[in-house]
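Student: Before we start, here is the structure in question, set down as structure tokens.
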Amino acid sequence: MSKEQPLHKEDWLFEITPKKSLLDLNLKEVWQYRDLLMLFVKRDVITLYKQTILGPIWYLIQPLFTMVIFTIIFNKVAEISTGTIPTYLFNLAGIVTWNYFRDTLMATSDTFKKNENIFGKVYFPRIIMPLSIVVSNLLKYGIQLLIFIGFYLFFVFIKGDVITPNKSIVFFPFVIVFMAMFGLGLGMIISSMVTKYRDLTFLVTFGISLLMYMSAVFYPMALVNEKLADYAWIVLYNPMAHIIETVRYMFLDTGSISKFGIIYTAVVCTLTFIVGVIIFNSTEKSFIDTV
């Protein structure tokens, strides 16, 4: 009876070990699992409105209804001026941009808790899950941008309004990148903390609603300095307020952007993303024991 030969390290096809660096995105392995990434993206896009009557039409209905309500309440009743820019177009630009950040943050912040069964049974790079959320919400953002462009063309060619995009619009992809980094970073930080403190789930839902009012979604940032001089810092130090103001400036050539706003937003979004990756990588090693 022959004895089995011991296996040596070189006999294994794969070796799964904890990450050596907390800042490692492990992009090489993510690329190897790209099919899984696209599968999660497809799941997020298709199953969200599965078994609903209107289906993906909700992608269109949500921003349009919100645009109408914001226009009635804030522009008609509260009389917030948007200058020469049509109020519907002004609000839609802010709503569409805010929706991308909000949806990315909300979905990412529940990564570990929502997928604990999958994480506990099969191995794959955990970072794939939040990355799939960023990509799937980017597709939704693209659809809603098409709605915005449709309204833009309506006001220009049908209504005859004089609206021209600013030449800085060529840098719009960078705005999307920083917005994605900010939402992803915050989401990964919160997701890691939710594994121990489930109360944060309720705090995020409540906090994201309050944050919208501090992000210049339905008002120009110039109005903050004019009306709330003592509290303007709350908005001025909010990266999303600068991002939304920048999007309006690029597409509608309204408002203004400052060097401080650009540099501050870029630094905060980058640092938030780095901290989020570090905490996420640290939590994934032991979260299954606490989730």
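Every read-out reported here was derived from the displayed coordinates using simple, explicitly stated rules and does not represent laboratory data. Just so we're clear, the structure is a prediction, and the values are computed from it rather than from any experiment. A quick note on method: Cβ atoms are made from the backbone with ideal geometry, for glycine too, and the neighbour counts reach across all protein chains shown.
Student: If we count other beta carbons within 10 Å of each Cβ, what is the order of MET250, MET214, fewest first?
Tutor: Working: MET250 21, MET214 16.
Going from sparsest to densest Cβ surroundings: MET214, MET250.
Student: While we're looking at this one, here's another question. Which entries of LYS42/LYS121; LYS114/LYS140; LYS76/LYS167; LYS113/LYS196; LYS113/LYS140 show an alpha-carbon separation above 19 angstrom in the structure shown?
Tutor: Correct reply: LYS42/LYS121; LYS114/LYS140; LYS76/LYS167; LYS113/LYS140.
Student: Using mean Cβ contacts within 10 Å as the protection proxy, how do 129-141, 160-172 order, highest first?
Tutor: 129-141, 160-172
Student: Let me ask something additional. What is the magnitude of the charge dipole of region 56-289 about its Cα centre, with +1 placed on the Cβ of each Lys and Arg, -1 on the Cβ of each Asp and Glu, and no other charges, expressed in debye to the nearest 20?
Tutor: Computed charge dipole of region 56-289: roughly 360 debye.
Student: Moving on. Mind computing the radius of gyration and Dmax over the alpha-carbon atoms of region 163-291? Å is fine for both.
Tutor: 16.9, 56
Student: Let me ask something else about it. Taking the Cα atoms of region 67-214 alone, what are Rg (to one decimal) and Dmax (as a whole number) in Å?
Tutor: 18.5, 59
Student: Also, I was wondering about something else. Please name which of TYR197, ILE127, PHE74 has its Cα lying farthest along the dipole of region 56-289 towards the positive end, using unit charges on Cβ (Lys, Arg +1; Asp, Glu -1) and the Cα centre as origin.
Tutor: Looking along the dipole axis, the top candidate is ILE127.
Student: Something else: How do PHE178, PHE90 rank when sorted from fewest to most other Cβ atoms within 10 Å of their own Cβ?
Tutor: If I rank by nearby Cβ atoms, fewest first, I get PHE178, PHE90.
Student: Now a separate question. In units of 2.2 N^0.38 Å, what is the alpha-carbon radius of gyration of region 66-126?
Tutor: Details: Rg = 19.1 Å, N = 61, 2.2 N^0.38 = 10.5 Å.
Against the compact-globule rule of thumb, the ratio is 1.82.
Student: Still on this model: Can you tell me, using C-alpha contacts under 8 Å and at least 6 residues apart, the relative contact order of region 56-289 as a whole percent?
Tutor: Details: 264 pairs, mean separation 68.8, N = 234.
It comes to 29 percent, rounded to a whole number.
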